[in-house]
Amino acid sequence: MKLPFAEPFKIKMVEKIYRSTLQERERWIRDASFNLFNLRSEEVYIDLLTDSGTGAMSDKQWGAIMTGDESYAGASSYYNLKDAIWDITGFQYFLPAHQGRAAENVLFSVLVKEGDIVPGNSHFDTTKGHIEFRKAKAVDCTIDVARDPSAIHPFKGNVDLEKLENVLKNNPSGKIPFIIVTVTNNTSGGQPVSMSNIRGVSELARRYGIKLIIDGARFAENAYFIKTREKGFSNMQISEITREMFSYADGMTMSSKKDAIVNMGGFIAFREEKLFRQASTFNIIFEGFITYGGMSGRDMNALAQGLYEGTEFTYLESRIKQVEYLGNRLKESGIPIIEPFGGHAIFIDAKSFLNSIPREEFPAQTLAVELYTEGGVRGVEVGALMADRDPVTRENRYPDLEMVRLAIPRRVYTYNHMDYTAAVVKNVFERRNSITRGMRIKREALILRHFTVELERIMK
Ligand SMILES: *Cc1c(COP(=O)(O)O)cnc(C)c1O
């Protein structure tokens, strides 16, 4: 018999979670104004709000915490991190930052100015935020097939090279400081980008004399997909693949809270010294001295170790197979989900799940609230609430897709937790015809309203 797959780790420490009652959850979600961000974590049984900073560190990472060097300048922890970044990305220069958006802030302070254009593949919200904050424009050049929730494509995060070339051709190169490729593509559902696509983008970038930056938050999961889906890579080590991916780029920004399996941290890495020098000034202003940049020595040590662990094939296999397992359980029950499954999350298509709720009543938020009340599972709405209002007309913006994202933290939950989650979704699915009304907004902020919005249920 072929031996089944199993996790390449065992559990050394556990954290108790409370399995609440339906009555408790009904009260808590009402007190939270039907906004899942307002819940206390103790009120959540299985927390799939995000995979960012929620992973479980290993014994080796905790060990590295104890040997962290807290010297202001030149700490050994800084050099440990420098070595890890060199081994895994091939970038010689780097600056620590306290998280991914801080890395963006530092790098974009050097590169982005008013009126610039930054093409890429569905930029992440903070990336777009840092571009638009500087009165520049993010242009999305993702392949069209990414917009079809059921279209099967092995690399649905790819850049459309024709769209990209049109942007490069039709704008003065002085207006385009860089191209940014996000791997895997968070905004389009954790979909990977192929090596040949990255190579294609880099050829275009070179031809037009423009820099290529990789947003590498989930670079290791992307490398796993390249190894398992793209021809010619199956015999390569993950770290060989990551080095090749980054060899096409001039630099990267990193949210270490994702694939480097730490709870807080980030960095910027560079190929050339000049850009590193320019960014160093901003790093000192915004983050801290160039050998710690917003991180303590112990955290840099844990991050260095996390980079090695996060790029081990057996770990990545267990991680991505767990996400796939949840996806398959949902699919078997006929639940409409986005395919192929992403690397870090499963996305439920809320418009088809609750098809009698009009978009004006926020079907995805309604579904996220139902999943919570049914079984204490916390996902997140990725729909009209998150899409916010048009800044000029103040009208609601309705995206093509209304989704609930179930993001799986790394090394945290077991397969039983996945079965439980699937059962919760299935129970709601079986009573979906009785859910005919959605939510109405009671109070909202001017921007990024989904974090603080207050809602109420619309009664018949
Ligand atoms: C999370 C994330 C960021 C921002 O990082 P933070 O650590 O949350 O500030 C940037 N890009 C991508 C693709 C991300 O997933």
(request) Please indicate, with yes or no, whether at least one residue in region 98-110 is more than 16 Å from the ligand (Cβ to nearest atom), assigned by TED's automatic domain parsing to the domain that holds K156 and not basic (K, R). (result) yes
(message) Can you report the number of residues in region 403-412 which are in contact with a Phe, Trp or Tyr (Cβ under 9 Å, 6 or more places away or on another chain) and either assigned to a loop (DSSP other than H, G, I, E, B) or open to solvent by 50 Å² or more (accessible area, probe 1.4 Å) (or both)?
(response) 2
(message) Please list, ordered by residue number, the helices (runs of 4 or more DSSP H) wholly in region 195-312 having 3 or more residues that are under 23 Å from the mean Cα position of the chain (by Cα) and of a type outside the set (A, V, I, L, M).
(response) 195-207, 219-229, 238-247, 297-310
(request) Look at region 61-80 and say how many of its residues are surrounded by 14 or more Cβ atoms within 10 Å (Cβ to Cβ) and either more than 14 Å from L95 (Cα to Cα) or free of Cβ contacts under 8 Å to residues at least 60 places away in the same chain (or both). (result) 8
(message) Could you list, ordered by first residue, the pairs with Cβ atoms under 6 Å in which the first is in region 135-149 and in a loop (DSSP other than H, G, I, E, B) and the second is not aliphatic (A, V, I, L, M), at least 6 apart or interchain?
(response) K135/E114; A136/D116; C141/P119; C141/D160; C141/K163; I143/N158; I143/D160; P149/D349
(request) Check I29, I46, I65 and return the single one that is β-branched (V, I, T) and touching a strand residue (DSSP E or B) at 6+ places or on another chain (Cβ under 7 Å). (result) I46
(request) Filter region 7-27 down to residues that are open to solvent by 70 Å² or more (accessible area, probe 1.4 Å) and either part of a helix (DSSP H, G or I) or of a type in the set (A, V, I, L, M) (or both), then give me how many there are. (result) 6
(request) Give region 113-126 a look and list any residue that's open to solvent by 10 Å² or more (accessible area, probe 1.4 Å) and either closer than 16 Å to S173 by Cα or part of a helix (DSSP H, G or I) (or both), or say none. (result) K113, E114, G115, I117, D125, T126
(request) Check whether at least one residue in region 236-246 is closer than 22 Å to G310 by Cα, among the hydrophobic types (A, V, I, L, M, F, W, C) and within 13 Å of the ligand (Cβ to nearest atom), and report yes or no. (result) no
(request) Could you please give the count of residues in region 86-132 that are farther than 12 Å from T253 by Cα, among the aliphatic types (A, V, I, L, M) and out of contact with any Pro (no Cβ under 7 Å at 6 or more places or on another chain)? (result) 4
(request) Report, by residue number, each residue of region 161-188 that is farther than 21 Å from D125 by Cα and outside any helix (DSSP H, G or I). (result) N170, N171, P172
(request) Considering only region 123-154, state which residues are within 16 Å of the ligand (Cβ to nearest atom), touching a Ser or Thr at 6+ places or on another chain (Cβ under 8 Å) and under 18 Å from G189 (Cα atoms). (result) H123, F124, D125, T127, D140, T142, A146
(request) Test G55 against the stated conditions and say whether it is open to solvent by less than 90 Å² (accessible area, probe 1.4 Å) and within 16 Å of the ligand (Cβ to nearest atom). (result) yes
(message) Let me confirm something: among F341, F347, which residue is of a type outside the set (A, V, I, L, M), part of a strand (DSSP E or B) and touching a Gly at 6+ places or on another chain (Cβ under 6 Å)?
(response) F347
(message) Among the residues of region 218-236, what is the count of those that are open to solvent by 10 Å² or more (accessible area, probe 1.4 Å) and not acidic (D, E)?
(response) 10
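The values are calculated or read from the model by the stated rules, or taken from the named source; none is laboratory data. All figures in this text were calculated on a predicted structure; none of them were measured in a lab. Counting neighbours? That spans all protein chains shown, and the Cβs are built from the backbone with ideal geometry, glycine included. Note: areas computed on protein heavy atoms with side chains; ligands, DNA, RNA excluded. Shrake-Rupley method; radii C 1.70, N 1.55, O 1.52, S 1.80 Å.
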